[in-house]
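J.: What follows is a single structure, and I will ask about it in a moment.
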């Protein structure tokens, strides 16, 4: 009988220990940086408009973000405006802009906070339908059918394993519509666990291939976010690598 009691006591202790460990693991799960863009789907022409975003971390509003900027450009136009946002408090950051040309625009909120970076995107339409039609007719011959479709973008990180304290080349092969994407702006964002994020500019070594050199000073698993910008393309992809 004593053996039965001893076994039950041991079983209960094991269950309590397992529950405590499981709860501790859940509590250690890192919070995520959330960014929600607040902008109307349709905006009036030649009227000052407020574009904002709300920044949260682990569900709580972030009032002390390191940097918040809005990148705005019209589809088919290579000119991108980068506007520094004003901190309005309660996690909200905003800019004011007057759109003087009708068309479809993309808005990307670049937010850096809590050693993380997030860059959500939203498309907006400026002007009425008649203005849109007029704009389309004016630029039809220039635009043709060569618009960029982000779903046709392919990003591949070539190497997934590296050696600690040795020079490492991060290499990404990028293609669009089945062809190498050339003359793009590419950056690697690298971080380990919930540590500081490092941004490394890449150079195009051959058509569609972009490389950047770095040195990993600690072993372990890292996340690599590949940022790609080219004309109307503004995308990123996250990969996991291992440093031994």
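Any read-out appearing in this document is the output of simple, stated calculations on the displayed coordinates, not a laboratory observation. The structure presented is a predicted model; accordingly, all values stated were derived computationally and were not measured. Cβ atoms come from the backbone with ideal geometry, glycine included; neighbour counts cover every protein chain shown.
J.: Would you tally the residues in region 158-184 being more than 23 Å from the chain's Cα centre (by Cα), assigned to a loop (DSSP other than H, G, I, E, B) and surrounded by 13 or more Cβ atoms within 10 Å (Cβ to Cβ)?
T.: 1
J.: Turning to a different aspect of this structure: Among the residues of region 224-243, write down those that are more than 13 Å from the chain's Cα centre (by Cα) and under 17 Å from residue 161 (Cβ atoms).
T.: Matches in region 224-243: 240, 241, 242, 243.
J.: May I ask you to list the residues in region 30-89 that are over 25 Å from residue 229 (Cβ atoms), within 18 Å of the chain's Cα centre (by Cα) and not in a loop (DSSP other than H, G, I, E, B)?
T.: Across region 30-89, the qualifying residues are 56, 57.
J.: Looking only at region 193-223, how many residues end up being over 16 Å from residue 167 (Cβ atoms), surrounded by 15 or more Cβ atoms within 10 Å (Cβ to Cβ) and under 18 Å from the mean Cα position of the chain (by Cα)?
T.: 1
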